[in-house]
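Below is one structure. I have some questions about it.
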Amino acid sequence: MGHRPQPPGPARAGGSGVSRILPGLARAARCRTRRGAVLLVGILAGGLLAPPSLHAGPDRAMALAQALQLAEDPQWLRLLAYERRALWPGRAGRVQSPEFYLHEDGAEDPEAELRATLEALYAPPGAAGAHAACQFPARRAFLVERLGLRLHEQPLPEPTCSAYRAWRERIDVERVVLVYADAYMGNPASMFGHTLLRLDSRDDLQRPLTAYAVNHAAQAGDDTGIRFAVRGVIGSYPGLYTLMPYYYKVNQYTRMEQRDLWAYELSLDEAAIDRLLAHLWELDGAAMPYYFFLHNCSYRLLTLLEVADPSLTLRDAFGLWAIPSDTLRAITAEPGLVREVRYRPSQRRILDHMLGDLAAERAEQARALARGELAPDDEAVTALPEREQARLLEAAEAYLAQLGHVAGIGDAGRRRRHALLAARAEIDGPSIPPPPRPERRPDEGHGTGRAGIGLGSYAGVGYAELQWRAAYHDLLDPPGGYLRGAQVSFLAIAARAYGHGEPSDGRGPEGGVALERLQLLRARSLKPRNRPFPGWAWGAGVGIERMRDADGERPLTAHLQGDLGPAWAWRDGRLRLYTGAGGTLRASGHLDDGYRLGGELRAEAVHQGADWRLRLTLRGQRFSDGKEAWQLVGRMAHDLGPQTALRLELQREAELGVRSDRIQLTLHRYL
């Protein structure tokens, strides 16, 4: 399928020329009945307060702006990309590109930037496209609306702005859709999911693959792995808006990364879309620091929506982190903002559904057809009833198509695919129906935050435990709306208040309040081997937790752990088994030499039902100093409501010669 040529970006004075700035979405701006009255009062006040020495033009406009306190208007601050500082009071402009602010203090002083903008807008037109009206159409429209500049004796100049006008003509947006891509465990930046915008023209309404996609992402170059994750966390990458054909992203997400897509059609009128597109033009090449946990793809899209509809305050709910699924909840919570939600399954989900719809013998024949070990005109295929032939050929073609995306199939593979399609076209049998839509959308799953209160006993000593988790999801949380078989827990804290009982092993906890653990990150992916195009399962964690030292005590110990191995899945992925091997590193002043390095073997069984979940974990460790440890943990969770669950844990462990048992019952509330 072809696509329209990419529209040119703005030719900014002093910039790099053609860019990929994306157009955007917006929501119908809610009319404020008092706006006209406020504007009239401002104009009259400006006229009365302005001294006779002021002439019509930027000075008079600035006097009106000061009377209306326009420099503090939320919409003006949004157009300047002003945001709250994360770690200290105040606000500042986030754009790092120097040409974005016209005043040298524009990133710190919105009033100075307002004056500089007015002076630039009143300047005589010069070189084509270089005038401020051509570079900042959203700012100009805002000031014209709020100050009534067209009513003055000296109206604003009207430069041609041919590049901007041509760009807008090519970006003929009729509909804006917010697209959510499921979590992808193969990339640290995508473990929480990803959002982008789809811009549909009139021609795209029935063919969304030909639309454009608006994306905001970190410009990480060739960085990968730990370096990529660390730099993304501390915000050392610039983030940019880019525009690309939507089908590029569909191919990447649904075929290469095997991610389901959810499309949220937004109720945006022409005026709102116009504001958004004008602001996106202004953001051409505007680099902002990209933080994985807050100023990420989803947060930046909320900013665009707020520019489109000044009455929205979507970002107010996000202080230190913005999880993509939580931004979906913020959007769907706005009455009337979302018109419709559509689901697009990944190619792997479609293929799994197709093969699962076939008997085991037919599924193996489909693989043989895809690999060229069986031909469509072989008697083993043609002797089947037409209904079975149709489904078999469709499954084989889907398998071969996916193989082409994963590993390449060459000319021979393309000829096999053509033969499969030709054979299927000659059969009238019904097609395999698409996979069913999941019961819950991403915005309908449990809240990503979690608080808990528990009662338990460790080594015979009773305790109460308080828990809090910033985000996001673990294997025993309700699975609806989340990627099954995946876990990402970020910033989880637990503290205990122990009683004063006598420990059964003589080395149990003493009475009092103590921090039990602080998990910075714990992730696990149970990707199965018994599926088409299998992958490897893995787990990793880093944090601080109470662990045994050489004396058998339990001081707080920093630890880093990782493991890798095969997993298998049954019952539509609800039941999974895993075996793996890995390593662990512990660091503490209570350990000999300050650290302990060891190897680990691990086995897990997980069942993720709708209301009940079970998880059984067995792991054994051997350390470099010859010490050994093992742990057996059984966990069970049951939902009491949409955002409430009960969890039971039973644990037996032997660590450095000390054996102990633990039992705990915890009530969780998702936030």
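The values are calculated or read from the model by the stated rules, or taken from the named source; none is laboratory data. Every value quoted in this text rests on a predicted model; they were computed, and no experiment measured them. Cβ atoms come from the backbone with ideal geometry, glycine included; neighbour counts cover every protein chain shown. Only protein heavy atoms, including side chains, enter the accessible area calculation; ligands, DNA and RNA are left aside. Shrake-Rupley method; radii C 1.70, N 1.55, O 1.52, S 1.80 Å.
Among residues belonging to the range 178-215 that are in a strand (DSSP E or B) and of a type in the set (S, T, N, Q), point out the one that is surrounded by the fewest Cβ atoms within 10 Å (Cβ to Cβ).
My answer is Asn215.
Take the conditions at pLDDT 90 or above, among the basic types (Lys, Arg) and open to solvent by less than 50 Å² (accessible area, probe 1.4 Å) and apply them to Arg450. Does it pass?
The answer is yes for Arg450.
A further question on this structure: Looking for something at positive phi and either more than 33 Å from the chain's Cα centre (by Cα) or surrounded by fewer than 16 Cβ atoms within 10 Å (Cβ to Cβ) (or both) - is there at least one such residue anywhere in the range 605-617?
Scanning the range 605-617 turns up no residue that is at positive phi and either more than 33 Å from the chain's Cα centre (by Cα) or surrounded by fewer than 16 Cβ atoms within 10 Å (Cβ to Cβ) (or both).
Considering the range 132-158 alone, what residues qualify as being assigned to a loop (DSSP other than H, G, I, E, B) and at pLDDT below 90?
Gly148, His152, Glu153, Gln154, Pro155, Leu156, Pro157, Glu158
Could you count how many residues in the range 221-230 are among the basic types (Lys, Arg) and surrounded by 17 or more Cβ atoms within 10 Å (Cβ to Cβ)?
0
What is the residue count in the range 514-539 for residues that are in a loop (DSSP other than H, G, I, E, B) and either in contact with a helix residue (DSSP H, G or I) (Cβ under 8 Å, 6 or more places away or on another chain) or open to solvent by less than 60 Å² (accessible area, probe 1.4 Å) (or both)?
Of the residues in that region, 6 qualify.
Now for a different question. Those residues that are modelled with pLDDT under 85 and under 38 Å from the mean Cα position of the chain (by Cα), I need them from the range 409-429; list them, please.
Hit for the range 409-429 is Ile409, nothing else.
Which ones in the range 457-469 are touching a strand residue (DSSP E or B) at 6+ places or on another chain (Cβ under 6 Å), at pLDDT below 95 and of a type outside the set (Phe, Trp, Tyr)?
Ser457, Ala459, Val461
Now for a different question. Do you know which residues across the range 157-177 are surrounded by 19 or more Cβ atoms within 10 Å (Cβ to Cβ) and among the charged types (D, E, K, R)?
Within the range 157-177, just Arg175 meets the criteria.
Might you check whether a residue that is touching a Ser or Thr at 6+ places or on another chain (Cβ under 8 Å) and at pLDDT 75 or above occurs anywhere in the range 120-131?
The answer is yes; a qualifying residue exists.
Quick test of your reading of the structure: Pro345 fulfils all but one of (1) open to solvent by less than 60 Å² (accessible area, probe 1.4 Å); (2) without any contact (Cβ under 8 Å) to a residue 60 or more places away in the chain. Name the failing condition by number.
Going through (1) open to solvent by less than 60 Å² (accessible area, probe 1.4 Å); (2) without any contact (Cβ under 8 Å) to a residue 60 or more places away in the chain one by one, Pro345 breaks only (2).
On the phi < 0 side of the Ramachandran plot and among the acidic types (Asp, Glu): is that true of Asp593 in this structure? It would help to see each step written out before you state the result.
Working: on the phi < 0 side of the Ramachandran plot: no; among the acidic types (Asp, Glu): yes.
Against the criterion (on the phi < 0 side of the Ramachandran plot and among the acidic types (Asp, Glu)), Asp593 does not qualify.
Conditions tested, residue by residue: (1) open to solvent by 40 Å² or more (accessible area, probe 1.4 Å); (2) at pLDDT 95 or above; (3) of a type outside the set (A, V, I, L, M).
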{"residue": "Gly485", "(1), (2), (3)": "no, no, yes"}
{"residue": "Ala494", "(1), (2), (3)": "no, yes, no"}
{"residue": "Glu502", "(1), (2), (3)": "yes, no, yes"}
{"residue": "Gly512", "(1), (2), (3)": "no, no, yes"}
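Among the candidates Tyr670, Tyr595, single out the residue that is hydroxyl-bearing (Ser, Thr, Tyr) and either touching a Leu at 6+ places or on another chain (Cβ under 8 Å) or exposed (fewer than 14 other Cβ atoms within 10 Å of the Cβ) (or both).
None of the other options fit; the residue is Tyr595.
Now for a separate question. When you check Pro310 against the structure, is it in a loop (DSSP other than H, G, I, E, B) and under 16 Å from Asp443 (Cα atoms), yes or no? Spell out how you get there, then give the answer.
Values: in a loop (DSSP other than H, G, I, E, B): yes; under 16 Å from Asp443 (Cα atoms): no.
It is false that Pro310 is in a loop (DSSP other than H, G, I, E, B) and under 16 Å from Asp443 (Cα atoms).
Out of (1) outside any loop (DSSP other than H, G, I, E, B); (2) modelled with pLDDT under 95, the odd one out for Gly626 is which?
(1)
Could I ask something else about it? Where the second residue is open to solvent by 10 Å² or more (accessible area, probe 1.4 Å) and of a type in the set (Val, Ile, Thr) and the first is closer than 18 Å to Asp182 by Cα and lies in the range 289-301, which pairs have Cβ atoms under 6 Å and are six or more apart or on separate chains?
What qualifies is Phe292/Val233.
Consider only pairs whose beta carbons are under 6 Å apart and that are at least six residues apart or on different chains; among these, list those whose first residue lies in the range 231-257 and is farther than 20 Å from Asp204 by Cα and open to solvent by 50 Å² or more (accessible area, probe 1.4 Å) and whose second residue is assigned to a loop (DSSP other than H, G, I, E, B) and aromatic (Phe, Trp, Tyr).
Val233/Phe292
Turning to a different aspect of this structure: When the range 368-380 is examined, which residues are found to be touching a residue at least 40 places away in the same chain (Cβ under 8 Å) and in a helix (DSSP H, G or I)?
Listed by number, the residues that qualify are Leu369, Ala370.
Select from the range 412-439 the residues that are open to solvent by less than 90 Å² (accessible area, probe 1.4 Å) and among the basic types (Lys, Arg) and list them in ascending order.
Arg416, Arg417, Arg424
Let me ask something else about it. Within the range 355-364, how many residues turn out to be in contact with a helix residue (DSSP H, G or I) (Cβ under 9 Å, 6 or more places away or on another chain), assigned to a helix (DSSP H, G or I) and open to solvent by 30 Å² or more (accessible area, probe 1.4 Å)?
2
To continue, here is another question. Of the residues that sit in the range 89-121 and are of a type outside the set (Lys, Arg) and within 19 Å of Tyr299 (Cβ to Cβ), which one is surrounded by the fewest Cβ atoms within 10 Å (Cβ to Cβ)? Can you show your working first?
Taking the range 89-121 first, the residues of a type outside the set (Lys, Arg) are 89-90, 92-93, 95-114, 116-121.
If we keep only those that are within 19 Å of Tyr299 (Cβ to Cβ) too, we end up with 90, 92-93, 95-97, 100, 107.
On the way: Gly90: 7, Ala92: 15, Gly93: 20, Val95: 22, Gln96: 14, Ser97: 16, Phe100: 24, Ala107: 20.
The residue in question is Gly90.
Could you check how many residues of the range 78-97 are at pLDDT 90 or above and assigned to a strand (DSSP E or B)?
Residues in the range 78-97 being at pLDDT 90 or above and assigned to a strand (DSSP E or B): 1 in total.
How many residues does the range 633-653 contain that are surrounded by 15 or more Cβ atoms within 10 Å (Cβ to Cβ), under 28 Å from Ala587 (Cα atoms) and at pLDDT 95 or above?
Looking only at that region, the number is 5.
Consider the range 641-670. How many of its residues are out of contact with any Phe, Trp or Tyr (no Cβ under 9 Å at 6 or more places or on another chain) and touching a residue at least 40 places away in the same chain (Cβ under 8 Å)?
Going through the range 641-670 one residue at a time, the tally reaches 11.
Pairs under 6 Å by beta carbon, first residue under 14 Å from Leu266 (Cα atoms) in the range 307-335, partner crowded, with 23+ Cβ neighbours inside 10 Å and basic (Lys, Arg), six or more apart or different chains?
Final answer for the pair search is Ala308/Arg27; Ala308/Arg275; Asp309/Arg27.
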